[in-house]
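Encoded as structure tokens, the structure appears first; notes follow it.
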Amino acid sequence: MKAVVLYKTCSPEELTISEVPVPEVKPGWVLIKVKAFGLNRSELMMREYEANASYIQLPRILGIECAGEIADGSDSGFRKGQRVVALMGGMGRSFDGSYAEYTLVPTKNIFTIDSDLDWIELAAIPETYYTAYGSLFNSLQLSPEDILLVRGGTSAAGLAAIQLAKSLGATVLASTRKENKRDLLIAQGANHVLIDDGTLKDQLLSLYPQGVNKVLELIGPATLLESASLLCQHGIVCVTGILGKKGTIDHFYPIKDIPSGVYLTGFSSNYPTQKIMDDIFNHLKNHNLHPTIAKVFALDEIGQAHQLMENNEANGKVVIQIDKTNQ
């Protein structure tokens, strides 16, 4: 089969197609014929530097999610031809992932789907919408009365979060570093767009002098402390992303750095379940929501896809369609 195998850390243009054996099915694992998969920031970090870590064993096929059909259900109870999505559980990190025509995934990380969406839209949903949905409704406990700031609104997860929050009826503020992204965020449903140019706090407080009560922090530790300062009493900030490429805060002093009466939480997308995936797809169907697709590439265009995402020019989810060149 064709696959994108990472042999060493490299630049986007160094990603190439290899011919490798189709994985052999084993108990507890299911073989999926991949139809399409979305790109994720963690895969860029893996390619760029994380593959050098001692806990990563190379060579490795990248890819933490996919949409496809069951090719061999092994002992799982899945039926051949069944439409599924798969995500997390070590895909593309502990074992070979989805940048391939076939992928072998543990049964617990495969989920059936009841949806009329095409493969491209299906591939744009699993990790991105699970991350946004879990962050908003689990960690932030979002309600229709809330005023939410999505920090990093033009990322795929940010755009999904804006959609989901608006569908609930919440008031949404979204941030971006670029003025030319304003229309994108408004079209997605943002009530207010804040330009992250060093005056974001002033812009927000001019609209809501007491602050907002929920913040979804997708930039990460690089802006977390400022985001915490934008909250009103008993507000919650949820750290979900690290778009700012900074994973920790040096000399973090919680008693001083977290304002009194403000709550800090996070969301990890490591533990999806069939119920949560059902809830997400039902929510999308009931509210007629569709993922924002930035661009669709073929598998042999993986380097171009990584470059687009690395340049922060995507404006939505980047999707690889396996059989794109044959259609």
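The values are calculated or read from the model by the stated rules, or taken from the named source; none is laboratory data. None of the values given here were measured: they were computed from a predicted structure. Cβ placement follows ideal geometry from the backbone for every residue including glycine, while neighbour counts extend to all protein chains displayed.
Checking the stated criteria, Leu173 turns out to be of a type outside the set (Gly, Ala, Ser), out of contact with any Lys or Arg (no Cβ under 7 Å at 6 or more places or on another chain), surrounded by 13 or more Cβ atoms within 10 Å (Cβ to Cβ) and not in a helix (DSSP H, G or I). With respect to being over 20 Å from the mean Cα position of the chain (by Cα), not assigned by TED's automatic domain parsing to the domain that holds Glu43 and not in a loop (DSSP other than H, G, I, E, B), Ser227 fits the description. Looking at region 177-184, is at least one residue in contact (Cβ under 8 Å) with a residue 12 or more places away in the chain and either in the same structural domain as Lys33 (by TED's automatic domain parsing) or closer than 28 Å to Met88 by Cα (or both)? The answer is no; no qualifying residue exists.
Please find, within region 274-295, the residue that is surrounded by the fewest Cβ atoms within 10 Å (Cβ to Cβ) out of those that are over 16 Å from the mean Cα position of the chain (by Cα) and not in a helix (DSSP H, G or I). Filtering first and then ranking leaves Asn288.
Quick check: is even one residue across region 55-62 farther than 23 Å from Ile242 by Cα and either touching a His at 6+ places or on another chain (Cβ under 6 Å) or among the acidic types (Asp, Glu) (or both)? Scanning region 55-62 turns up no residue that is farther than 23 Å from Ile242 by Cα and either touching a His at 6+ places or on another chain (Cβ under 6 Å) or among the acidic types (Asp, Glu) (or both). Checked against the criterion of being outside the structural domain of Glu121 (by TED's automatic domain parsing) and part of a strand (DSSP E or B), region 238-257 has at least one qualifying residue.
Residue pairs whose Cβ atoms lie under 7 Å apart, sitting 6 or more positions apart in sequence or on different chains, and linking a residue in region 53-78 that is in contact (Cβ under 8 Å) with a residue 12 or more places away in the chain to a partner that is hydroxyl-bearing (Ser, Thr, Tyr) and assigned to a strand (DSSP E or B), are Cys66/Thr103; Ala71/Tyr102.
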